[in-house]
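Below you will find the structure I want to go over with you.
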Amino acid sequence: MSSARRARPGWFRKNNLALLSLVVAVPLAGWWTTHTDYKSWYNAEPRDAVKVAAGGTQYADATWFAASVEVDPQPVRSTSVPDPLPEGTSRVRVYFRIQVDDVKKLDKLAGCQTHLRAPDGRIWDQANLEDEFQDRPTGCTGGYDDKPASFRDPKIAQHYLKPVAGKPYEIVAVFVVPTSVASSVEPTITWATRLPEYLAFPR
Amino acid sequence: MSTLPPSLEEAVQRNGRQRKALNVVLVILVLVAIIGLYRLTPTQKDIQEPTAVKGIVGKPVKTPRFELTVRGVQVSKKLRIPRAAPVRESRSDFVVIDAVVKATREPLHLNKVTIQAADGTRYAGANRSGLREVDLTGFEFAPDIPAHGSLVVEMPADQLPGAVLQVMEKAIFNDLEPQATIPLGVEKDQLDGLRKDVAILTAADAS
């Protein structure tokens, strides 16, 4: 009969399963908390551009066509005298063309925000006080008149008619940006509910 | 009963004394470590206080999202707000700060303006009716388009010496956010020179 006592298993050996689970659990918990914080930070701003092709791009149940951009546009009425702009700035007018297959889907376009974005990521909002340069509706859902309104200039009254399924309609946004970026800024459209995605309209 | 030889007994006693001394040293080390760590641990205040971006009057203070230049200070008991009547009167004083602001990245508003007096008292920006429509707190700043206007704080003018202007983008949830911090550099003997009958407020506008 052997009298040699077997060595008692050490603390590490007794707890090796628990220790192994820690090796997995601690990095996993770290990743999980960091990942959710990172995700909420990432999703808070427009970061992922959906580029609109010249021939039209399907997005948010609508077809988006290339935007046309005018630097230093003329006012709607040739007689109006707009307020002078701040020194070193230029006015930029953008026309967006949109089409829906079903007018009921227009609701999904509501709440859009138009911006101009410089190549370095700087962003400008639409100018609120430039209505002398707005000759189209300003919201993504387009016009709201049932028939051409008599109080509007006949040349632009048709743009304020309610959109028709399958036919493109236009909206306008007017911006004031530093002259140094007026030729390089790109129009974008964002929805708070669709971030970080945004629609980008290459010039 | 056996007794240890004297040399061995001496060695045991010496060993005991050394062990006691070592224990005392270790206890002191642990106490120092505990106190040191306690003092090094960031407090709630350290985590939540805004991060000061310091500057001086007349030079732009560059925070990551906006630049603020303080051009001057006026003090008055009365304030005329453009496009609003009547002239507002204060039981303390209106401190009107002439400033230029521009955003650096995207459109923003400056939602928190305070003046911290030398004794630590903080005075919030004035909220008189009609003021927000024309002062810089109601203006949307655009990247690289400077806007010139006024910031107004209602406070006793004799608290101005040693006071510091603090301006932030966010009024709440602003933990560790940058805060433009500009000592107004007003001396006691300068107060009379800054005082006006009626303070003139510049309506905010892109310059």
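Need at least 1 residues that are closer than 17 Å to B:GLU106 by Cα and over 19 Å from the mean Cα position of the chain (by Cα) per element, so show me which strands (runs of 3 or more DSSP E) inside segment A:86-203 make the cut, counting only ones lying wholly within it.
Values: elements: A:89-99, A:113-117, A:123-125, A:169-178, A:186-190, A:197-200.
Because the criterion is at least 1 residues that are closer than 17 Å to B:GLU106 by Cα and over 19 Å from the mean Cα position of the chain (by Cα), the strands (runs of 3 or more DSSP E) in segment A:86-203 that meet it are A:89-99, A:169-178.
So which residues in segment B:116-156 are within 14 Å of chain A (Cβ to nearest Cβ) and out of contact with any Lys or Arg (no Cβ under 9 Å at 6 or more places or on another chain)? First the steps, then the outcome.
Filtering segment B:116-156 for residues within 14 Å of chain A (Cβ to nearest Cβ) gives B:133, B:138-149.
Across segment B:116-156, the qualifying residues are B:PHE139, B:GLU140, B:GLY149.
Of the residues in segment A:26-56, how many are in contact (Cβ under 8 Å) with a residue 24 or more places away in the chain and among the polar types (S, T, N, Q)?
Of the residues in segment A:26-56, the ones in contact (Cβ under 8 Å) with a residue 24 or more places away in the chain are A:42-52, A:56.
Checking the rest, the ones that are also among the polar types (S, T, N, Q) come to A:43.
Total meeting the criteria: 1.
Can you name the residue in segment A:93-117 that is surrounded by 19 or more Cβ atoms within 10 Å (Cβ to Cβ) and either under 16 Å from B:ALA103 (Cβ atoms) or β-branched (Val, Ile, Thr) (or both) and, of all such residues, is farthest from the other protein chains (Cβ to nearest Cβ)?
Residue satisfying both the conditions and the ranking: A:VAL100.
Then there is this: Taking segment B:36-59, which residues are outside any helix (DSSP H, G or I) and touching a residue at least 24 places away in the same chain (Cβ under 8 Å)?
Going residue by residue through segment B:36-59, those that are outside any helix (DSSP H, G or I) are B:41-43, B:49-59.
B:GLU49, B:PRO50, B:THR51, B:ALA52, B:VAL53, B:LYS54, B:GLY55, B:ILE56, B:VAL57, listed by residue number.
Determine if segment A:118-129 includes at least one residue that is away from every other protein chain (no Cβ under 14 Å) and buried (at least 19 other Cβ atoms within 10 Å of the Cβ). Reasoning before the result, please.
Here is the first cut: in segment A:118-129, the ones away from every other protein chain (no Cβ under 14 Å) are none.
The answer is no; no qualifying residue exists.
While we're on this one: List the pairs whose first member sits in segment A:102-120 and is of a type in the set (D, E, K, R), whose second member is surrounded by 14 or more Cβ atoms within 10 Å (Cβ to Cβ), and whose Cβ atoms are under 7 Å apart, counting only residues at least 6 apart or on separate chains?
Partner pairs satisfying both residue conditions: A:LYS105/A:ASP61; A:LYS105/A:ALA62; A:LYS108/A:ALA60; A:LYS108/A:ASP61; A:ARG117/A:ILE123; A:ARG117/A:VAL185; A:ARG117/A:GLU186; A:ARG117/A:THR188.
Name the pairs: first residue in segment B:66-86 and modelled with pLDDT under 90, second residue among the hydroxyl-bearing types (Ser, Thr, Tyr) and surrounded by fewer than 16 Cβ atoms within 10 Å (Cβ to Cβ), Cβ to Cβ under 8 Å, at least 6 apart or on different chains?
Listed by first residue and then by second, the contacts come to B:ALA84/B:SER129.
The values are calculated or read from the model by the stated rules, or taken from the named source; none is laboratory data. If you're wondering where the values come from, they're calculated on a predicted model, not measured in any experiment. No Cβ is skipped: glycine too gets one built from the backbone with ideal geometry, and neighbour counts run over all protein chains shown.
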